[in-house]
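One structure below.
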Ligand SMILES: Cc1ncc(COP(=O)(O)O)c(C=O)c1O
């Protein structure tokens, strides 16, 4: 029996009624990718308020590697609900905060003894990584990448690349953020080809030190090991070793933003492990808790401890429910061997995607690592013109046929997969059948689809 069960056209009447209330009460800027309101969810399946069952390939934007309502997470949170909800670690500390920090210190990428700070979101994690890097190095500048996404608060937004919708109108941004090209080989900023480029983009940072900001003014380079919002761009294996060698030579810290890539998504607990990235600080959030808001920064103990008591933290940072959830997530990833599962799912997708790419002009690039996979859609393989409207049409087709997925990319032309890693083989195949029909409908222009706003 298929998992997807649609009782009404999507969005159904109840979702439509809620959308009217939403329009009247909620700010326009609080974006949502689908017009479907959720009633409940389990594993990789959601049920909407009209009783439609859909497969979830967005996972709350990559927060649900362990699935909706992972049993161990639900149990851990329930047990904590019966004890206490909040005291603020700043006032009355509790053991679970220490326990998750101990675990993160043991498993986070980077060498040597580590320490951890807990916060509430991914943006707070990247912001605090910058505070820590500046405090340690006593240098002001931060280098970020084109197509990066580090959050929506002011410093995080300054480090984020994409202008619409994230930055436009919110200027001015905090100073001392410099931007350089990422290893986006499909759209190389220098029009070079890998591998004959010999990692020009990574080496070119030396040029940045001459022409933009002196190396001795740079506190840190912040980088997503695989671009998330930027379109799941996966750099070649030489990129990070080359970049980190240059940074080390100049006393510049490397911050890995593992907010979207972390916790088994890429076939390892952290994508740094797969990409040869040895960071000084790591920012984490999203799938760390299986659905509760929490972020973390883990890094070299000498760097993390440079700030004095009270200089870092916040009222809700390391909330007890989220700490218990995070401990249960780590246990679940290990017990269910979700890193291996991510690779199996990724391979399953790649096999089908290779056929789509061979068949349709629309599929320009297929890329990713583990279960962090994406399709970049183009109008022509020769010109690589971004197919943004077509990407919206595919995603609309998908949710109308019971598959929730989200797009990405600075040009809005990437379809990304962030399904829970607990998705079954049958659900995975069913979801890919829907995606395939959606791509076929758009690639072969049948039937004509009109998109309002997705
Ligand atoms: C790589 C990366 N960093 C930071 C963030 C910001 O996280 P949050 O939305 O929890 O603030 C995100 C969110 O998508 C992200 O993908």
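A few remarks follow.
- Normalised by residue count, segment 263-377 yields a Cα convex hull volume of 134 Å³ per residue.
- Kirkwood Rh, angstrom, segment 223-309 [1 / mean 1/r, Cα pairs]: 13.7
- Gap separating the Cα centres of segment 121-155 and segment 246-264, nearest whole Å: 11
- Cα gyration tensor, segment 141-252 - rounded (a/c under 1.5), prolate or oblate: oblate
- When Rg and Dmax are taken over the Cα atoms of segment 93-160, they come to 13.8, 40 Å.
- Cα centroid separation, segment 41-71 to segment 298-332: 27 Å.
- Sorting 205-213, 179-187, 36-44 by average packing, meaning the other beta carbons within 10 Å per residue, from highest down gives 179-187, 36-44, 205-213.
- Quotient of Cα Rg and 2.2 N^0.38 Å for the chain, N being how many residues it contains: 0.96
- In terms of packing, defined here as the mean over residues of other Cβ atoms within 10 angstrom, the peptides 391-399, 72-80 line up highest first as 391-399, 72-80.
- By average C-beta atoms within 10 angstrom, highest first, the peptides 234-247, 344-357: 234-247, 344-357
Here, each number is a calculation from the coordinates, and none is a lab measurement. Since we're looking at a predicted model, the values are computed, not measured. Heads up, the Cβs are rebuilt from the backbone with ideal geometry, glycines too, and the neighbour counts pull from every protein chain shown.
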